[in-house]
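Since every read-out is calculated from the coordinates, none of them should be taken as a lab result. Since the structure is predicted, the reported quantities are computational estimates derived from the model, not experimental observations. Note that we place each Cβ from the backbone using ideal geometry, even for glycine, and neighbour counts take in every protein chain shown.
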Amino acid sequence: MATIYHDEHADLEAIRGQTIAILGYGNQGSAQAQNLRDSGLPVVVGNIEDAYRQQAVSDGFEVISIPEATTRGDLVFLLIPDEVMPEVYARDVAPHLAPGKLLCFAHGYNIAFGLIEPPQFVDVVMIAPRMIGAGVRQSYLSGEGFASFVGVHQDATGRAKQRMLALAKALGSTRAGCLEISMKDEATLDLFTEQAFGPAFGRVMMTAIDTLVEAGFPPEAVLMELYLSGELAYSFLKMRELGALRQHELHSHTSQYGTISRSLRYLDLDPILKQKMRESLDEIRSGAFAREWSTNREEKLEFIKRAREIQASLPMTRWEEETRRAFRIGDAAKNATSEIPSPIRREP
Ligand code: NDP
């Protein structure tokens, strides 16, 4: 069983009198800075001149440049986007580090794949929330807290773990629980979910849509049945609350019998899925993916842009948009007008 830390394992005394520098006031930076301040700790924000800087000022923080904040901070949080972090680190952070400082990452990526190599004289830790920034703030305010993966990568002071746990407590994370894991494993799990689980799940969904639309079902009904109604999202929520298998008991007996008896038909997909997932895992672990993503970045961004354009032109995107507007779902609700035909009539 992995080691999981809670409030009782952490003591704020480990960081008493130490200044926190939050570098980057975006999704995570703004949430973490506010949580730490509300826990009674001194926080300065280091940010470039942009809208986020204005936000930090209006939230009442002292905002200085990234090099100045690194110099001022004893506990330095790198909360800028992962892809620009190595460059910003080399230029604005590394020259201002001194013995005894602590670097805290919210994701293991840059350390795991050798894109940032901090000097031996600083502590290097990870507090990686399994939660978006808004949730980090909200769950702090509600008292519920949020789960994180945590780990000490480098212990220069002999106090890295106590400092990390104190910070996790002040952030509101030990309230829910912090699971200890290496930065490499955290980054690998994260990338695997994005690069293997996500695409495999996506193919299953697309195949189901194709099968049903080809069989003559209205696309709007298919999308509603599969995910737009929110029933699937609700089941995922229940997987968390009750367990993946136990949540199934919430469904009808017809559903339970049909799912269990027919699951066996899909068992022969396992070997091919496993083979592809192992390939993805090897590619991530060996650093091949990180090297690919770091090379010719402009080309990769162009690739994303082209893929988005293709997606926008797919019939599925139009079906989704029309169905979401007609049922007033999510951000489509505000675009809903009385002219939207309901029920939707498909063009022949
Ligand atoms: P954001 O994109 O929300 O914000 C990053 C901040 O960095 C902004 O203030 C941004 O300002 C600034 N920034 C961007 N480019 C530069 C640059 N070249 N030089 C200096 N500052 C820059 O990042 P996130 O909060 O999403 O991510 C921060 C870290 O948290 C990452 O390591 C990420 O993996 C991790 N994380 C994120 C989660 C999430 O839900 N978003 C969840 C868990 C971990 P501007 O854009 O104006 O340049």
Descending principal axes extents, the stretch 146-263, alpha-carbon based, whole Å: 66, 28, 26
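Rounding to the nearest 20 debye, state how big the charge dipole of the stretch 1-67 is about its Cα centre with +1 on each Lys and Arg Cβ and -1 on each Asp and Glu Cβ. Don't skip to the answer; put the middle values down first.
Numbers: 3 positive and 9 negative charges, 33 e Å.
My answer is approximately 160 debye.
Place the peptides 138-150, 297-309, 171-183, 246-258 in order of packing, highest mean first, counting for every residue the other Cβ atoms within 10 Å and averaging per peptide.
Numbers: 138-150: 18.5, 297-309: 10.0, 171-183: 22.1, 246-258: 11.6.
Ranking the peptides 138-150, 297-309, 171-183, 246-258 by packing returns 171-183, 138-150, 246-258, 297-309.
Suppose every K and R has +1 on its Cβ and every D and E has -1 on its Cβ; what is the size of the dipole of the chain about the Cα centre, in Debye to the nearest 20?
Working: 37 positive and 47 negative charges, 86 e Å.
Here the chain has a charge dipole of around 420 debye.
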Rg ratio (alpha-carbon, reference 2.2 N^0.38 Å) - the stretch 4-181: 0.92
DSSP beta bridge pairing in the chain, given as percent antiparallel to the nearest 5: 25
Helix-derived mean residue ellipticity, 222 nm - over the chain, DSSP H n ≥ 4, -39500 (n - 2.57), to 500: -14000 deg cm²/dmol
Signed unit charges on C-beta, dipole axis of the stretch 4-181, positive-most listed residue A98, G172, Q154: G172
Sites D155 and L232 - FRET efficiency at Förster radius 45 Å, r taken between beta-carbons, to 0.05: 0.55
Percent of C-alpha pairs per 20 Å bin, the chain, short to long: 24, 51, 24, 1
Alpha-carbon centroids, the stretch 234-254 and the stretch 268-333: separation in whole Å: 27
Cβ-based net charge around D268, under 15 Å, with every Lys or Arg adding one and every Asp or Glu removing one: +3
Alpha-carbon centroids, the stretch 21-40 and the stretch 81-109: separation in whole Å: 16
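Given axes a ≥ b ≥ c from the Cα gyration tensor, I'd like to know whether the stretch 195-337 is rounded (a/c under 1.5), prolate (a/b larger than b/c) or oblate.
Numbers: a/c = 1.89, a/b = 1.15, b/c = 1.65.
Oblate is the answer for the stretch 195-337, as a/c is 1.5 or above yet b/c matches or exceeds a/b.
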Once the Cα gyration tensor of the stretch 126-197 is diagonalised, semi-axes √(5λ) in Å: 20, 20, 7
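Sorting check: for 284-293, 219-228, 75-84, which peptide has the highest mean count of neighbouring beta carbons within 10 Å, and how do the rest follow? Let's see the in-between values first.
Numbers: 284-293: 15.5, 219-228: 18.0, 75-84: 20.9.
The packing order, highest mean first, is 75-84, 219-228, 284-293.
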For Q154, net neighbour charge (Lys/Arg +1, Asp/Glu -1) across residues whose Cβ lies under 14 Å away: +2
Hits among lysines - C-alpha to C-alpha of K238 under 29 Å, sequence gap 8 or more where chains match: K169, K274, K276, K334
Evaluated over the stretch 1-87, the Cα radius of gyration and Dmax, each in Å: 13.9, 45
Among P67, L79, T207 - extreme Cα towards positive end, dipole of the chain, charges at beta-carbon: T207
Farthest toward positive dipole pole in the stretch 186-335 [+1 Lys/Arg, -1 Asp/Glu at C-beta], among L281, Y257, P271: Y257
